[in-house]
Amino acid sequence: MPTDPAVTVLMPIYNGAAYAPEAIDSILAQTFGDFELLIVDDGSTDGTGALLEAYARGDPRIRLFRNRENAGLTRRLNEGLALARGAYIARMDGDDVSLPERLERQVAFMQANPRVGICGAWVQKIGELGYGVEHYPSDDADIRCHLLFANVLAHPAAIMRRSLFAELGLAYDSSYQRAQDYDLWVRAAEHVALANIPQVLLRYRMHRDQAGQREQEDQDRAAMLVRRRLLERLGLQPSVAELALHQAISASRFQPTRELVAAAERWLRALAEANRRAGRYDKAALARLLAARWYTLCRLSTALGPWVWRIYRRSPLRRPAPVGWPRLIKFALKCMARSPSL
C-alpha cells in the first residue's frame, strides 16, 4: 500500500489551457520528488479538462478531480485541503512557474523551523504585465507588521503545514472570493509563525485575464476588510475616511495634497501609539515599517515642493528610516526643483 507523500501541491484551475502545461511541467521537474500534484478543475470549458486528463494518464503523481460547475477558487481550495494527503501543502496556480528547487528548499526550511506554519518566497513577475522581483520580508515580526498594509506572502509560492487545517480547524473563509489567502494568513498568524525564504522560487505570471486584474476593486474591498480587522485588534475604530486613507497608504495610490500628507502622518503616528498600548507588534519592526511607508508617501508627493520635504524631515516617523543618504538627497532635490525657494 503506497505511503502518503511528504507534499501535496494543490493547484485549482479554471480555463487555464494556455499556461497549464508550463505550470504542471515545472512541478513535475522538481528536485524534490516526494509529492503529489493535486489538480482541481473548476468546471473548465476551454479544453483544459482534456489537457489535464492527458497529463494525469502520463504521470502517477498527478491526482485529478474534475467538476462540471464553476464554483470559484475559495470552494475549490477547501476541497483540495480535504483531499490532500501530504504533511505539507504547497500552493500552485495554473499560470505560474515553480523553479526546480522550490519544494526542496521550502521543505528543508519547514523541517528546520518547526514554529513556522506558513512559508512563502520571493517571486519574479513575468508575463505581459509583469516586471521585477517582489522582495518580501522574511522575518516573522516584519511580516506581521507588513500585513497591516499588504499581503506579503505570495499565495502560489506558499507552503503550509497540513496540521493547520487538520488540527486547528482552519480553512479558507467562504465569504472571501478575493483576498482569501490574505485572510487565511492573518488568522493562521494567531497560532504559528510566518516566514518567507529570501530567494526567488516562483515566477508569477501577470496578465490581463487574471482575476486580480479583472476584479481589482473587489480585491481591494476584500483586502480592506482584512486590514480593518487588524486595525480593530490594535484597539482602533477607524472611520470611513481613515479606512480610505489607510487604503491609499497601503496601495500607494493617491492624489498628493498637503491635507492628505498631513493626515497620513497623523494616522501613521496613531498606529504606533495604538501598538504602544496594545503590544501586538514588535515595536522596532513596526517603527521601521512606518518609516518606510512615510518615506514612500512623501516621495510620491514631491509635486508639493519643499513643503513636503520639510514635513518629512520634521516628523518623528522618519527616525528609523531604512533609506540611505543617496535616495534622501534625490528626494530632497526633486522637492526643491518644484519651487525657487524654501
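Let me know the shape class of the range 162-224, please: from the alpha-carbon gyration tensor, a ≥ b ≥ c as square roots of the eigenvalues, rounded when a/c is under 1.5, otherwise prolate if a/b is greater than b/c, or oblate. Write down the numbers at each step before the final one.
On the way: a/c = 2.32, a/b = 1.32, b/c = 1.75.
Oblate shape, in that a/c is at least 1.5 and b/c is the bigger or equal ratio.
For the chain, what is the accessible area per residue in Å² when the probe is 1.4 Å? Write out the running numbers ahead of the final one.
Values: 16010 Å² over 342 residues.
Using a 1.4 Å probe on heavy atoms only, each residue of the chain averages 47 Å².
May I ask you to evaluate 6.51 cos²θ - 1.76 cosθ + 1.60, the Karplus curve with θ = phi - 60°, for each residue of the range 164-171 and list the ³J(HN,Hα) values in order in whole Hz, giving x for glycine and proline?
Working through the residues one at a time gives 4, 8, 6, 9, 9, x, 6, 7 Hz.
Return the equivalent ellipsoid semi-axes of the range 2-96 as a descending list in whole Å, where each equals the square root of 5 times an eigenvalue of the C-alpha gyration tensor.
In descending order the semi-axes read 20, 15, 11 Å.
So which GluC sites (Glu not before Pro) in the range 205-314 end up in coil per DSSP with only 16 or fewer other C-beta atoms within 10 Å?
Passing sites in the range 205-314 are Glu215.
What relative contact order, as a whole-number percentage, does the range 1-43 give when Cα pairs under 8 Å and 6 or more residues apart are counted? Each step should come with its number before you reach the end.
Working: 36 pairs, mean separation 27.7, N = 43.
The value is 64 percent.
Give the angle, between 0 and 90 degrees and rounded to the nearest 10, that separates the Cα long axis of helix 240-251 from the longest principal axis of the Cα atoms of the chain.
With both axes taken from Cα atoms, the answer is about 70 degrees.
Express the relative contact order of the range 275-342 as a whole percentage, based on alpha carbon pairs under 8 Å and six or more residues apart in sequence.
Values: 61 pairs, mean separation 25.6, N = 68.
Computed value for the range 275-342: 38 percent relative contact order.
Treating the angle as unsigned and between 0 and 90°, give the value, to the nearest 10°, between the Cα long axis of helix 325-336 and the longest Cα principal axis of the chain.
Relative to the chain, helix 325-336 is tipped by roughly 60 degrees.
List the residues whose amide H sits under 5 Å from the amide H of Ala158, counting only those 5 or more places along or on another chain, with H placed 1.01 Å from N in the peptide plane.
Correct list: Arg91.
Ala121's amide H: which non-local residues (gap 5+, or another chain) put their own amide H closer than 5 Å, with H modeled 1.01 Å from N in plane and none for Pro or chain starts?
The answer is Ala154, Ile197.
Under the rule a/c < 1.5 gives rounded, and otherwise a/b versus b/c splits prolate from oblate, where does the range 85-224 land using the Cα gyration tensor?
oblate
The range 130-208: which chymotrypsin sites (Phe, Trp or Tyr not before Pro) are DSSP loop and have at most 11 other beta-carbon atoms within 10 angstrom?
Passing sites in the range 130-208 are Tyr131.
Once Rh is set to the Kirkwood radius over Cα pairs, what Stokes-Einstein translational diffusion coefficient, in µm²/s, holds for the chain at a temperature of 20 °C and a viscosity of 1.002 mPa s?
It diffuses with D of about 99 µm²/s by this estimate.
Is the range 104-150 rounded, prolate or oblate when judged by the Cα gyration tensor, a ≥ b ≥ c being the square roots of its eigenvalues, rounded requiring a/c under 1.5 and prolate requiring a/b larger than b/c?
Here the range 104-150 falls in the oblate category.
Which residue fluctuates the most in the chain, going by a Gaussian network model with Cα springs under 10 Å, if the choices are Arg144, Arg115, Arg293?
Arg115
At a probe radius of 1.4 Å, what is the per-residue accessible area of Ile159, in Å² to the nearest 10?
For Ile159, the solvent-accessible surface is approximately 0 Å².
What are the ³J(HN,Hα) values, in whole Hz, obtained from phi via the Karplus relation 6.51 cos²θ - 1.76 cosθ + 1.60 with θ = phi - 60°, for each residue of the range 198-205 in sequence order, with x given for Gly and Pro?
Per residue, the Karplus-derived 3J(HN,Hα) values read x, 7, 5, 10, 8, 9, 9, 7 Hz.
Enter the accessible area of Val9 (Å², nearest 10), with the probe set to 1.4 Å and all protein chains included.
Counting only protein heavy atoms, Val9 exposes about 0 Å² to solvent.
Using a 1.4 Å probe on the protein chains only, how many percent of the accessible area of the range 237-342 belongs to carbon and sulfur?
The nonpolar share, carbon plus sulfur, comes to 54 percent.
The values are calculated or read from the model by the stated rules, or taken from the named source; none is laboratory data. Remember, it's a predicted structure, so these values are computed and weren't measured experimentally. All Cβ positions, even for glycine, are placed from backbone atoms using ideal geometry, and neighbour counts span all protein chains on display. Side chains included, ligands, DNA and RNA excluded: accessible areas come from the protein's heavy atoms. Shrake-Rupley method; radii C 1.70, N 1.55, O 1.52, S 1.80 Å.
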